[in-house]
Amino acid sequence: MTTPVIESPQNSNKAAKADPKLANAWKTKSGAELTDAEVLAMPDSEYMGPKQVEFFRAKLNELKNGVLSNAGETTEHLREDTSIVPDPADRATIEEEHALELRTRDRERKLLKKIIQSLARLDNGEYGYCDETGEPIGLGRLIARPTASLSLEAQQRREMKQKMFGD
């Protein structure tokens, strides 16, 4: 298995800043209308400014609505599929599908908790900054994982500790 190469926020910002259209697009749009590339092209001085806060709030709310929608669909799907199937193999298949769907929803439930925490961090001005170091997390990481609360380096240190000492 290969490890994905993650560009540092500085490198990805420089690539986006090369396009003058992207570099100035953020000035005329609301934060919710901005694209990922336009946010990455914003100057470093705008980090977690009002437009970026609005951008990430919209992104987190969209993610939250998707998770809630999926939860409703699961409930309906499980209600529909309550028919009794006489064949043991078919019944086992249906039960396995239900178990898989419930595990997926459990992961989404945990994600929903992180989304709500991230929205609260946006409200109190802590969003975008590492919980451990207080340094900026970086736009690239936040766009890829809007619920991130640790910088890449702090996350790597935490994972290394977990690997060495267990959970």
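Rule-based calculations on the coordinates, nothing more; no lab input. Keep in mind it's a predicted model, so treat the numbers as computed, not measured. Neighbour counts are summed over all protein chains in view; Cβ atoms, including those assigned to glycine, are modelled from backbone coordinates with ideal geometry.
Averaging 1/r over each pair of different alpha-carbon atoms in segment 9-165 and inverting the result gives 18.2 Å, the Kirkwood hydrodynamic radius. Projecting the Cα atoms of H98, V85, L40 onto the charge dipole of segment 9-165, computed from C-beta unit charges around the Cα centre, puts L40 farthest toward the positive end. Among the listed pairs K110/K163; K29/K113; K64/K114, those whose Cα-Cα separation exceeds 20 Å are K110/K163; K29/K113.
In this structure, the amide hydrogen of Y129, modeled 1.01 Å from its nitrogen in the peptide plane, lies closer than 5 angstrom to those of I137, counting only residues at least 5 positions away or on a different chain.
Going highest first, how would you order 37-49, 121-133 by mean Cβ packing within 10 Å?
Numbers: 37-49: 16.8, 121-133: 15.3.
Averaged packing, sorted descending, gives the order 37-49, 121-133.
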